[in-house]
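**Student:** The structure under discussion is supplied below as structure tokens; questions concerning it will follow.
Please treat every number below as a calculation from the coordinates, not as lab data. Source: prediction; values computed, not measured. Positions of Cβ are generated from backbone atoms using ideal geometry, with glycine treated the same way; all protein chains shown enter the neighbour counts.
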Amino acid sequence: MVRMKKHAGDWAFDIFNFLLMTFLCFITVYPFLYLLSLSFTSGDVPLTQNYIIPPKVTLDNYAKVLTNSDIGNGFIMTIARTLLGTAISLVCTVCTAYPLSKKYFVHRNLFTSFVVITMFVSGGTIPSYLLVKSIGLMDTIWALVLPGAISAYNVVICRNFFMGIPDSLEESARIDGANDIIILFRIILPVSLPIIATLTLWVAVANWNAWFDSLIYITTSRKQVLQVVMRRIVLEGTQEMMNPDPELEAMLVNPETIKATTVMVTTLPILCVYPFIQKYFVKGVMVGSLKG
Amino acid sequence: MKRTKRVIAAAVFCCLLAGVAVGCGQKTEQTDSGQTYNYTMTMYQTEPANPDSVLKKEFEERFGVTVDVWDIEWQKYDEILNLKMAGGEVPDIIYVKTAQAAQKYVDQDIAAPIPLEDLERLAPNMLKRINDDSEGQLKYYYIDDELYSLPSYSVGAGASGIPMVWRGDWLKNVGIDKVPETLDEYEEAFYKFAKEDPDGNGKDDTYGLSRSGLTSVFAAYGFVPSLGQTGTPQGYWHSRDGQLVYSAIQPEMKTALERIHQWYVDGVLDPEFITGENKGGYWAISHQFINGIIGFTSHGMSYHWEPLFYVDADPSTSGQDRYELSKLNKEASDALEVSGKPPKLTEGEQPTYPPKEYVRGERWMFSKDLLADQGKWEKLLSIYNEMYSSKETFDEISMGKKGVVWDYEDAATVDGNTYQRTIYLGDWKDQEYRNDNTFNFRLFSPNFLEAERVKTPRDDWADPKGFNMPYFPYNELYINLPSTNRYNSELTKIEDEAYVQIITGDQPIDYFDEFVEKWRASGGAQLEKEAQEWFDEVNQNQS
């Protein structure tokens, strides 16, 4: 390896880059840091000022939020839907994408266009609602995991990755007597970990963050997912949620510290998933897709 | 390629067909026609309704009915209710957020007209309360000559209004002994706040006022445009020589803007007035005022600035703005000067305006299905009738039994008086338990006759400040005009832009005339026409 000498211009470029990235990191992290600090702040500290280190640290906010029964129920529901939703979605996506990636699959392009067309034409909220209602999924967890089980975009990404795997792998397995199912699960999937990890992350995060479907399909308040509870608490007292009844308004608003704590509690768990999947990201998802 | 296209076309067709099939396949809901009626309803809620709430159980036993409250998140209320209605589910009792939505439910044949003779026959108590609170207010709830909704208002909390709030300690520091009353006195105080270092920190870092204070300045001229208002800003409509006119285009506003522009030039108006005083979080908090950057504000409502009334009250239960300020500067919060009187243009009597009516966009409608079932409808009216028969009954139904859930107790106030205060008993002391076990079936909270009503310290604090008097020019247009949705956001943008540009000097003061023309041409003329028609109609109906 040849060592390149750094010129003054290179240094300047590096320093500029470093400063720019630091700045970008800061403005990305700051809102989060602010909420974190607020979540540890005691309620009798002036909240109209900004702090990074709270003048009066307390764990009361966390105690209050974590003992809230709505948040507890929300956690159970969200974890359930994330696990179930991710599992269903991965199985369905892989099983759809794999055949579509095979050149010898009859009418492959036709079927692919069937999938792709849904990316351009969607049913809309009201027809989706009617569908879910008439097949009896209302107020069940299935209403949250089934309608979004297959995302056309994910199928296309996954298919393109599979297309990048050399055919010879499949041929050698077939010579050894493997059938299609065994080839997919024993040969193809182990070499497709990057795409599986990526899809898992995407789907899991989407499931974790989803709230609107829960809002319309879940009618029992105890079954609402975490994000619905979080939104309700955080939006209290903002202009969107202004109470038409002034008598009630002034007394029912949660303090900002509680709101910040709720955001922390609901966001941190999913944030912890990232470091474990990060390494697959480095390899890149789109590398596969370019070869399609 | 051609083949693919044909297949795609076929596929699309199939999908559409499937969609139609699903749409047609819904069952119509059957209403329970047994002896006990079940009422479905929606309402304003910040917390999900608890189906097993104690007060709800009591209510159901008392009246021999069952009630099913739908949980619909307030922020997405219209959207989700529409979905449900599209799916064939219509609640019996519908809480309606805006007059616009009310019109839609009439057009879509969802809501039924309410026969006035039914109210007179079966719910005379309720009708009497409505008329006692504001004579003839039902006229605002007519659509196409039929009564379609009932009001949803609350007057039990006492007077509230847009406040004029001064930093009393700053006034003293700059040598002003009397709280300003005329606009000239206001101006003098603003200049001193900006120039004479009222906080005594040796730095030139203070201003007289910011965005919300402008509302009071405009109000001095008798009109209230959207710029400066907090909460949900909307340009007000005011009556002027028998006409209903739009505030922002009145010539008086030009005079006001000229004055404010001068304040901007002289560094008296906070340059951040463009983005407002609230920097996030609870909407009614004025960060600029609390952080000691400005000395006058009209942010929030009067109850956001009220002091602690009772000796033993928790500090956090005072008005939110006052509480935030007290955490930062206790002396300043004790020295606040709050008033409900906007500045006067000249010395002499405080001008008055038509009183604020309780009419609002929010209202109640009743479904066609409910009114088709005569027995169910009559039962409902009889419930309302009993509910509004007296303050005791109303309190018992909406708050629970006196002596079990709550009671009055004598409590001493900071200024040495004693008032009857409502306190909760037993389990009900716990806020969370209360939230879980309340139940609100009421349509509105009336102002029970003086004799029945318990005076609160809030009344005695707010009344002398003029919050209960018609000193502030409030909006006199009580409905959404047919074209409001079409034009309003664009018009408000034009208005706010023009106002800000004139104040900052980006446009000369004469640009105001150009703005008025532009406003009218962009749909304002249509709104003016519709507002006048409504105004004439209402005044005609007044009997």
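**Student:** Which whole number gives the average count of other chain Cβ atoms within 10 Å of the Cβ atoms across peptide A:206-217?
**Tutor:** For this peptide, the per-residue mean of nearby foreign Cβ atoms is 2.
**Student:** Evaluate peptide B:272-282: per residue, the Cβ atoms of other protein chains within 10 Å of its Cβ; return the mean as an integer.
**Tutor:** Per-residue shielding by partner chains comes out at 3.
**Student:** In debye, nearest 20, what is the charge dipole magnitude of the range B:164-339 about its Cα centre with +1 on Lys and Arg Cβ and -1 on Asp and Glu Cβ, if you could check?
**Tutor:** 420 debye
**Student:** Too long at a 28 Å Cα-Cα cut-off: which of B:Lys76/B:Lys493; B:Lys341/B:Lys401; B:Lys139/B:Lys401; B:Lys97/B:Lys529; B:Lys356/B:Lys391?
**Tutor:** Result: B:Lys341/B:Lys401; B:Lys139/B:Lys401 exceed 28 Å.
**Student:** Among B:Asn468, A:Pro54, B:Thr492, whose Cα lies farthest out toward the positive end of the dipole of the protein assembly as shown, if unit charges sit on the beta carbon of Lys, Arg (+1) and Asp, Glu (-1)?
**Tutor:** So the residue furthest toward the plus end is A:Pro54.
**Student:** Related question: For the range B:215-232, what does the Karplus curve 6.51 cos²θ - 1.76 cosθ + 1.60, with θ = phi - 60°, yield as ³J(HN,Hα) per residue in whole Hz, taken in order and with x for Gly and Pro?
**Tutor:** Per residue, the Karplus-derived 3J(HN,Hα) values read 3, 5, 5, 4, 4, 4, 8, x, 9, 10, x, 6, 5, x, 6, 10, x, 10 Hz.
**Student:** Rounded if a/c is under 1.5, else prolate if a/b is larger than b/c, else oblate: which is the range B:287-405, with a ≥ b ≥ c the root eigenvalues of its Cα gyration tensor?
**Tutor:** prolate
**Student:** Provide the FRET efficiency to the nearest 0.05 for the B:Ser316-A:Gln278 pair, computing r from the beta carbons and using R0 = 45 Å.
**Tutor:** E(calc), rounded to 0.05, equals 0.55.
**Student:** Right, another one. Residues of A:121-128, mean number of Cβ from any other protein chain within 10 Å of their own Cβ, rounded to a whole number?
**Tutor:** Whole-number average of other-chain Cβ neighbours for A:121-128 is 4.
**Student:** Where the only charges are on Cβ atoms (+1 Lys, Arg; -1 Asp, Glu), what is the dipole of chain B about its Cα centre, to the nearest 20 debye?
**Tutor:** 1720 debye
**Student:** So if I take the centroid of the Cα atoms in the range A:135-192 and the same for the range B:329-391, what is the distance between those two points in Å?
**Tutor:** About 60 Å separates the Cα centre of the range A:135-192 from the one of the range B:329-391.
**Student:** Given chain A, what count of lysine pairs have C-alpha atoms under 23 Å apart, with each pair 8 or more places apart or on different chains?
**Tutor:** For chain A, the number of qualifying lysine pairs is 10.
**Student:** Which far-off residues, 5 or more places away or on another chain, put their amide H under 5 Å from the one on B:Tyr39, with H placed in the peptide plane?
**Tutor:** Close amide H contacts, sequence-distant or interchain: B:Thr66, B:Val67, B:Asp68.
**Student:** Could you work out the helix-only [θ] at 222 nm for the protein assembly as shown, with each DSSP H run of four or more residues adding -39,500 (n - 2.57) and the total divided by the number of residues, to the nearest 500 deg cm²/dmol?
**Tutor:** Roughly -15000 deg cm²/dmol at 222 nm, from the helical runs in the protein assembly as shown.
**Student:** Put +1 on the Cβ of every Lys and Arg and -1 on every Asp and Glu Cβ in the range A:63-291; which of A:Thr261, A:Ala63, A:Ile188 then has its Cα farthest towards the positive end of the dipole?
**Tutor:** It is A:Ile188, whose Cα lies furthest towards the positive end.
**Student:** Hey, if you put +1 on the Cβ of every Lys and Arg and -1 on every Asp and Glu Cβ in the protein assembly as shown, which of B:Gly208, B:Trp406, A:Leu100 ends up farthest toward the positive end of that dipole?
**Tutor:** A:Leu100
**Student:** While we're here: For B:Lys429, which aspartates and glutamates qualify as cross-link partners when the Cα separation must be under 15 Å and same-chain residues fewer than eight apart are set aside?
**Tutor:** By straight Cα distance, B:Lys429 reaches B:Asp314, B:Asp407, B:Glu409.
**Student:** With +1 on each Lys and Arg Cβ and -1 on each Asp and Glu Cβ, how big is the dipole of the range B:413-543 about its Cα centre, in debye rounded to the nearest 20?
**Tutor:** For this selection, approximately 640 debye.
**Student:** Could you give the nm distance between label points at B:Leu425 and B:Glu272, where each point is 7 Å from its Cα heading toward the beta carbon?
**Tutor:** 5.0 nm
**Student:** Indicate the gyration tensor shape class of chain A (rounded, prolate or oblate), computed on the Cα atoms with a ≥ b ≥ c the square roots of the eigenvalues: a/c under 1.5 is rounded; otherwise a/b larger than b/c is prolate and the rest oblate.
**Tutor:** Verdict is oblate for chain A.
**Student:** For a test of the definition: using alpha carbon positions, the gyration tensor, and the 1.5 limit on a/c, classify chain B as rounded, prolate or oblate.
**Tutor:** Taking the square roots of the gyration eigenvalues as a ≥ b ≥ c, chain B is oblate.
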